[in-house]
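Beneath this line is the structure, given in structure tokens, with notes to follow.
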Amino acid sequence: MSAARRARNPARSNQPAAATPLSDDLLTENGPADVTERAFGSANRNRLLDQYFATRGPIKPGEAWEHAYRLLLWIDRTIGLAHCYESDKCQPGRHWYPRSLAFHGWLAERLGSTPATLKDDVDWLFRNVTAGLDALVLAASKSTMVQKQRAPYAGQGFPEPGEDPKLLAIVHDALQEWLPAKLPDSVERSLVERIQTHINQENKRKNLIGEGFEDTLAAILRRIPGLAKRYDIRTRQVLHEIPGFNPVRKGQKERKVDLVLIRKPDGRRTLVTAKWSVRADREEQFTADFRDYSRAENRSEDFDYILVTNEFDPARLKRACEVRVENALMLTSVVHVQPQGPLVAYQDAVHHKNWSAPHVYKHIQTGRLTSLEGWITNLTA
DNA sequence: TTTCGTACTTGTTTGGTGAC
DNA sequence: GTCACCAAACAAGTACGAAA
């Protein structure tokens, strides 16, 4: 990467970067001054992570999962419970609803919260990313630039941004008994815009969970006493920039590793694939990545290949623990943010011999499926 | 500097199969 | 009929690199 490009994309330099200021045009009088144009981008994520940890001091291995959940775990708005599985299967009456209830209650207790207030104790990163974004989006629709763009069409009845007659009808229908009079048009538009912005922001969460999970893990590891001194910790590292790996052949695509830990005393390399959740297509990717890493390795030395995940599905966890390459387990370790979570969720299924849950229970017992705490403790040993 | 295409991440939606 | 499990298509956003 050129120096000029690195300057334009400070996040890729692995160095904390200052937030990019917004143009004045997008700021309201009361608008946020510190919201970046790339609110979900690396620079803003790391700025917020620094802010989150600024008052918290060093982290003990046993606290790592709490920080991961406080930062990233969210409440599924359709059921009001902590998200642990696909939304459709968690709806009331379906088989993951009681499991979501169990997990929600357990988590509230463990975080010193209550089932009612847990929503305020998790999802810190997303709530802070979007805190100013709502105002920003609403301000953008009224900015001088927008007024200028609409000027040639003034008075021709063009729809205003955010007009949604159906949504408005729902609001009116629900509130007609309590509304003394029709709301002014400007109030109606503002209300609809705020509702739409609120819903749209939720759709952006997945973008924070992706690289945000990698950044959160790195931020936690760097704050474990002694770990940052002992390991070189890098996120989204190009494979050939890791000691002992060849560059890709000409014409082939560069490989990046989600998280890399290089032990300073002996150069032992730990390649981490961080996936908040797992799907079948991503499982295939684990194997493809591992084969590429193995082919590129040029020291003839072992390296560790670790999956860190928050997947709750027992079948997917089981497969991750058991996937083999050339008659050996492919993953050195499978790390779950907090294995007690899945166990609490599907305790009803751990004795069902034909399901995957008992296998997951066994993998946890044997240490094949370990916790964030267990993995970090092992790193510091 | 801006625009566009591509690659990548995530969760959601939809639909299917097989066991019980 | 219910549930676990599987798979593909999709949606939304970030980031990179090339071209204009």
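Solvent exposure of segment A:229-380 amounts to 50 Å² per residue of accessible area, where only protein heavy atoms count and the probe is 1.4 Å. Per residue, the Cα convex hull of segment A:229-380 amounts to 117 Å³. If you take all other residues with their beta carbon under 12 Å from the beta carbon of A:T332, and give Lys and Arg +1 and Asp and Glu -1, the sum is +1.
Here the calculated FRET efficiency for A:A315 and A:R127, from their Cβ-Cβ distance with R0 = 30 Å, stands at 0.40, rounded to the nearest 0.05. For the pair A:D88 and A:K60 in one chain, pulling the backbone fully straight at 0.36 nm per residue adds 6.5 nm over the alpha carbon distance.
For A:Q340 and A:R110, the difference between the fully extended length at 0.36 nm per residue and the C-alpha to C-alpha distance is 81.7 nm.
When a 1.4 Å probe is rolled over the protein heavy atoms, the share of accessible surface on segment A:229-380 that falls to carbon and sulfur comes to 44 percent. Net charge dipole, segment A:229-380: roughly 300 debye, given to the nearest 20, about the Cα centre with Cβ charges of +1 for Lys and Arg and -1 for Asp and Glu.
The values are calculated or read from the model by the stated rules, or taken from the named source; none is laboratory data. Small disclaimer: the values here were computed from a predicted structure and weren't measured. Every residue, glycine as well, gets a Cβ built from its backbone with ideal geometry; the counts of neighbours run over all protein chains shown. SASA here: full protein model, heavy atoms, side chains in, ligands and nucleic acids out. Shrake-Rupley method; radii C 1.70, N 1.55, O 1.52, S 1.80 Å.
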